[in-house]
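Notes follow the structure.
The values are calculated or read from the model by the stated rules, or taken from the named source; none is laboratory data. From a predicted model like this one, the values you see are computed outputs, not experimental measurements. Heads up, the Cβs are rebuilt from the backbone with ideal geometry, glycines too, and the neighbour counts pull from every protein chain shown.
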Amino acid sequence: MTQPIDIRGILERLPHRYPFILVDRVLEWEPRNRIVTLKNVTINEPFFQGHFPGYPVMPGVLMIESMAQSAALLSALTSEHNATSEAEGEGSTVYFLTGVDNARFKRPVTAGDTLRITVNLAKQKMSLWTFSATVEVDGQLASSADIMCTVRKV
């Protein structure tokens with residue numbers, strides 16, 4: 001198991017920025033295996049202005065995005081861990097979401113909740129990565145999905 005990664009390390013690896021960065025911290029990760037991340041949900045999130053006034057609920061699609069960003073982090077960290085001294089080619093690496101299957105939502109996420117996102121690598125074939133992911137709040141399952149992404153040089 002490797003060291004935790006703070007927001008600076010996350011921003012070095014993901015192109016997302018406010019208000020769309022949905023991972024605050026990497027708690028633990030194992031190359032080619034799994035990652036556990038956190039997202040602190042605050043009342044200041046821009047989506048709470050309209051979803052829903054009087055009962056702030058995090059949109060399910062943003063929970064999926066937090067799982068996808070965590071999966072992209074695992075891909076990036078695995079690639080860094082496996083990197084050799086050979087040049088990997090010019091350009092930046094970007095991880096694109098290519099599919100979501102079996103998405104389920106079990107409980108609402110509201111302001112003040114902390115998402116614990118766990119992503120497990122299910123399969124990697126060439127540039128296509130497949131993951132199983134869950135979001136928990138206080139030990140309760142909030143959502144789950146199978147996430148697919150592809151790696152591209154840009």
Checklist entry - Quick check, is residue 112 at pLDDT 95 or above, surrounded by fewer than 14 Cβ atoms within 10 Å (Cβ to Cβ) and assigned to a strand (DSSP E or B)? => result no
Checklist entry - Within region 125-154, restricting attention to residues that are polar (S, T, N, Q) and within 17 Å of the chain's Cα centre (by Cα), which residue is surrounded by the fewest Cβ atoms within 10 Å (Cβ to Cβ)? => result 150
Item to check | Filtered residues of region 53-77 (kept if assigned to a helix (DSSP H, G or I) and free of Cβ contacts under 8 Å to residues at least 24 places away in the same chain) | outcome: 61
Checklist entry - Among (1) closer than 20 Å to residue 106 by Cβ; (2) in contact (Cβ under 8 Å) with a residue 12 or more places away in the chain; (3) surrounded by fewer than 19 Cβ atoms within 10 Å (Cβ to Cβ); (4) aliphatic (A, V, I, L, M), which single condition is residue 43 missing? => result (1)
Item to check | Residue list for region 78-98, restricted to those being in a loop (DSSP other than H, G, I, E, B) and modelled with pLDDT of 75 or more | outcome: 92
Next on the checklist: Of the residues 105, 52, only one is out of contact with any Lys or Arg (no Cβ under 9 Å at 6 or more places or on another chain), more than 18 Å from residue 13 (Cβ to Cβ) and modelled with pLDDT under 95; which?
Outcome noted: 52
Checklist entry - Only one of (1) modelled with pLDDT of 95 or more; (2) surrounded by 14 or more Cβ atoms within 10 Å (Cβ to Cβ) is not met by residue 8, so which one is it? => result (2)
Checklist entry - If only one of 17, 25 is of a type in the set (Lys, Arg), on the phi < 0 side of the Ramachandran plot and loosely packed, with under 11 Cβ neighbours inside 10 Å, which one is it? => result 17
